[in-house]
Amino acid sequence: MPTANARAAHPSADRRLSTLVRHLLPSSPRTSPAAEAATATSADSSLQAFPTMASSSVFAAIQQGPEDPILGVTVAFNKDPSPVKVNLGVGAYRTEEGKPLVLNVVRRAEAMLIHNESRVKEYLPITGLAEFNKLSAKLIFGADSPAIQENRVATVQCLSGTGSLRVGGEFLARHYHERTIYIPNPTWGNHPKVFTLAGLTVRSYRYYDPATRGLDFQGLLEDLSSAPSGAIVLLHACAHNPTGVDPTVEQWEQIRQLMRSKALLPFFDSAYQGFASGSLDKDAQSVRMFVADGGELLMAQSYAKNMGLYGERVGALSIVCGSADVAGRVESQLKLVIRPMYSNPPLHGASIVATILKDSAMFDEWTMELKAMADRIISMRQQLFDALKSRGTPGDWSHIIKQIGMFTFTGLNSDQVAFMRQEFHIYMTSDGRISMAGLSSRTVPHLADAIDAAVTKLK
């Protein structure tokens, strides 16, 4: 701010300062040139008296928001100084040494992109990288899919699985006649928030049976039978989160028949293709059953888990339509959803995926690394089951090896979870979900000891 001496030497500085004061102070009347000098004289004290962010805020009444129930586990884990602490809350793969993994094939793809001097950093189209979209649809639906061959699929690149769900939800809220979506109980904690904010009404259908720690198939069928005709139904393509419980192929067929008979609209969430069983085709089987009957559906894909591209936020939304003409119009409306939301998606992650999927040698390398990750998780399931059995831990723990994918729904209650955190420094969500990918041969005995103590002392 100019000093008094500086303003005396430069009268124009006074005028500029008084103009600034008039703009800042509420209801300041217009002043004559003669009054400007007086205004400028008091400018220092006037500006100092004006409320600042340091003294007050228009946001002062805002309450502290709660930690995300899943990400908050990691926050608590990071604050714990214990050398034996174990984080089983995060949904990210870890090596046997407990370290994050960047796939070798991903590093190779990145190196190729970096050394390609013809690449530029221009904006992608609203729909994203065209090559990525085409390859993503083939990966989930199959290269020989009739829907792809008949150009009935509209695919747009989105911000991983969450972004794909949000764009799909907003599209349905604008253009679909039924604005109610049924989600499994339980489901990923972000699902109800995403769809509610997208403008849909969220209802639930029975899915998990705590008594058997398996699928409540009869309850599922009853609830979907009671759903209004045309309702949207969210389905986990494989490796259901958080339970790890999937329908059998025969049960999927019954679900498909029921949904098609009631004109229920499937919205698949595929976060773990290839990561659950180690087979890309097997993990896409449920989706392909629905595509094969010629009906319509939505599909949200993520490459966070199966390529380890967590922070790159790479995903796709595909809508299988009744005709190529409809698919074209659907894509045009998806653009109108995306443009005011984030304009267009990022380039780098999608380029990595496209580089791997289009090269047969790199694709084969990826599937080998993908199977190695899936196999390690399956091995952790077996080791934990064996450790609990050898300790004679009360209860039937066979669900650990029957469930599939990254997560296991242990059946532990919130008191037992709290006990294990306090006494053994083991961190998981309060519903008893653990990430098998966070375990190692070194930490399995510690977890087994904790579970044994928890179920023995706290019924």
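Scanning the range 203-229 for residues that are touching a helix residue (DSSP H, G or I) at 6+ places or on another chain (Cβ under 6 Å) and among the basic types (Lys, Arg) yields ARG206, ARG213.
Show the residue pairs meeting these rules: Cβ distance below 9 Å; 6+ apart or different chains; first residue within the range 109-134 and within 10 Å of HIS348 (Cβ to Cβ); second residue at pLDDT 95 or above and open to solvent by 40 Å² or more (accessible area, probe 1.4 Å). Cβ pairs passing all conditions: GLU110/VAL102; GLU110/HIS348; LEU113/HIS348.
Of the residues making up the range 290-301, those that are under 15 Å from ILE148 (Cα atoms) and touching a residue at least 40 places away in the same chain (Cβ under 8 Å) are VAL291, ALA292, GLY294, LEU298, MET299. Scanning the range 174-200 for residues that are assigned to a strand (DSSP E or B) and surrounded by fewer than 19 Cβ atoms within 10 Å (Cβ to Cβ) returns THR180, ASN185.
With respect to the conditions (1) buried (at least 23 other Cβ atoms within 10 Å of the Cβ); (2) in contact (Cβ under 8 Å) with a residue 60 or more places away in the chain; (3) in a helix (DSSP H, G or I), GLY405 falls short on a single one, namely (3). Looking at LYS99, LYS121, just one residue is surrounded by fewer than 13 Cβ atoms within 10 Å (Cβ to Cβ), basic (Lys, Arg) and within 27 Å of PHE407 (Cβ to Cβ), and that residue is LYS99.
Within the range 385-399, the set of residues being assigned to a helix (DSSP H, G or I) and out of contact with any strand residue (DSSP E or B) (no Cβ under 8 Å at 6 or more places or on another chain) comprises PHE385, ASP386, ALA387, LEU388, LYS389, SER390, ARG391.
The number of residues in the range 201-246 being of a type in the set (A, V, I, L, M), open to solvent by 10 Å² or more (accessible area, probe 1.4 Å) and not in a strand (DSSP E or B) comes to 3.
Which is in contact (Cβ under 8 Å) with a residue 40 or more places away in the chain and over 29 Å from ASP396 (Cβ atoms), of GLY169, GLY161, GLY244?
Matching residue, one of GLY169, GLY161, GLY244: GLY161.
Just one of the listed residues (ALA453, ALA437) is within 22 Å of GLY91 (Cα to Cα) and either open to solvent by less than 10 Å² (accessible area, probe 1.4 Å) or out of contact with any Ser or Thr (no Cβ under 6 Å at 6 or more places or on another chain) (or both), namely ALA437. No other residue among VAL21, VAL73, VAL84, VAL90 is of a type in the set (Val, Ile, Thr) and at pLDDT 90 or above apart from VAL84.
Scanning the range 427-459 for residues that are in contact with an Asp or Glu (Cβ under 9 Å, 6 or more places away or on another chain) and part of a loop (DSSP other than H, G, I, E, B) returns SER440, SER441, ARG442, LEU458.
Residues in the range 212-232 that are of a type in the set (Gly, Ala, Ser), touching a residue at least 24 places away in the same chain (Cβ under 8 Å) and closer than 21 Å to LEU265 by Cβ: SER225, ALA227, SER229, GLY230, ALA231. Cβ-Cβ distance below 7 Å, separation of 6 or more or different chains: which pairs start in the range 423-439 with a residue that is at positive phi and end on one that is polar (S, T, N, Q)? Partner pairs satisfying both residue conditions: HIS425/SER82; GLY432/THR410; GLY432/ASN413.
Matching residues to (1) in a helix (DSSP H, G or I); (2) of a type in the set (Asp, Glu):
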| site | (1), (2) |
| --- | --- |
| ASP144 | no, yes |
| ILE148 | yes, no |
| GLN157 | no, no |
| THR162 | yes, no |
| GLU170 | yes, yes |
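The values are calculated or read from the model by the stated rules, or taken from the named source; none is laboratory data. Please read these numbers as outputs of a predicted model, since none were measured by experiment. Don't worry about glycine lacking a Cβ; one is built from the backbone with ideal geometry, like all the others, and counts go over all protein chains shown. For accessibility, only protein heavy atoms count, side chains too; no ligands or nucleic acids. Shrake-Rupley method; radii C 1.70, N 1.55, O 1.52, S 1.80 Å.
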